[in-house]
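We did not get these values from a lab; they are worked out from the coordinates using the rules stated. What you see is a predicted model, and the numbers here were worked out from it, not measured in a lab. As a convention, Cβ positions derive from the backbone with ideal geometry for all residues, glycine included, and neighbour counts pool all protein chains shown.
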Amino acid sequence: MFKPPAPHISEITQKLRKEYKDFSHYNKKNPLDELVFILCSVKRSEKVYLNAYRTFKRAFPKYKMLADTPVRKVSQVIAWGGLQNQKAMAVKAIIKTLIKKFGKPTLAPLKKMSDEECEQFLSSLPEVGKKVARCVMLYSLERQVFPVDSHCWRIANRLGWNKETCSSKKCSVKDMDFLQELIPPPIRFSLHVNMVSHGRKICTARSPKCNACTITRYCSKIGL
């Protein structure tokens, strides 16, 4: 069912774009690189996950090298900021799955899939949920989707966009789909990347800088 756009979404998108210039946060054009990059970023600060990804790529310039590399070795390479064992097992399992499915470690075949098929396949991979799948689709496959990370979720809550679905502080799959439907496809990339920038700089989880916020006039300040 059609949903009207979120309140003041055009004005908010324009102001955030002017402030942050659609900065893409070092995301990758190659979809498999992007998937590994996003997995490295989970529950880590920007400095930490950028270092983790660079270290990983230096150690494994070719993904096929991972197939026969012990999990312990992969874990040591990405041992920046925790969860390295879980991430190492996930990356190895993903590479093995891709080799079995496509004959080599690649996500290039997704370019020919529909959005629904693409999201379904990515979400079937180890440690890949809807948010990670949509990040890969948005940044590397140029699909008009809207990943909801912690920054987008927090800002949308404070703006009052989530009140019809939000039952807790945690973003559910239903919430992700609801938010995506509120945002017109042509502005999803811009709004996502600029919300991430805004959440890191101004609309932080603790002590947000409301006096310096470029969209404060549109904010319901829910939860503050």
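Numbers below:
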| quantity | calculated |
| --- | --- |
| Chymotrypsin sites (Phe, Trp or Tyr not before Pro) within region 1-42: DSSP coil, no more than 14 neighbouring Cβ in 10 Å | Phe2, Phe23, Tyr26 |
| Between helix 173-182 and the chain: long-axis angle, C-alpha atoms, 0 to 90°, nearest 10 | 60 degrees |
| For region 141-224: span of alpha carbons on each principal axis (Å, largest first) | 35, 27, 19 |
| Proxy reagent accessibility, fewest Cβ within 10 Å first, across Trp153, Trp161 | Trp153, Trp161 |
| Only Lys, Arg (+1) and Asp, Glu (-1) charged, at Cβ; region 31-140 dipole about Cα centre in debye | 460 debye |
| Calculated on alpha-carbon atoms, Rg and Dmax of region 86-172 in Å | 15.2, 46 |
| Options Ile38, Phe60, Thr97, ranked by Cα towards positive dipole end of region 31-140, top entry (Cβ charges) | Phe60 |
| Estimated D of the chain in µm² per second, where Rh is the Kirkwood radius over Cα pairs and Stokes-Einstein applies at 25 °C, 0.890 mPa s | 133 µm²/s |
| Given 12 as the ceiling on other Cβ atoms within 10 Å, longest exposed-site-free region of the chain for GluC sites (Glu not before Pro) in DSSP loops | 1-141 |
| Radius, Kirkwood style, for region 31-140 when every pair of distinct Cα atoms is counted (Å) | 14.0 Å |
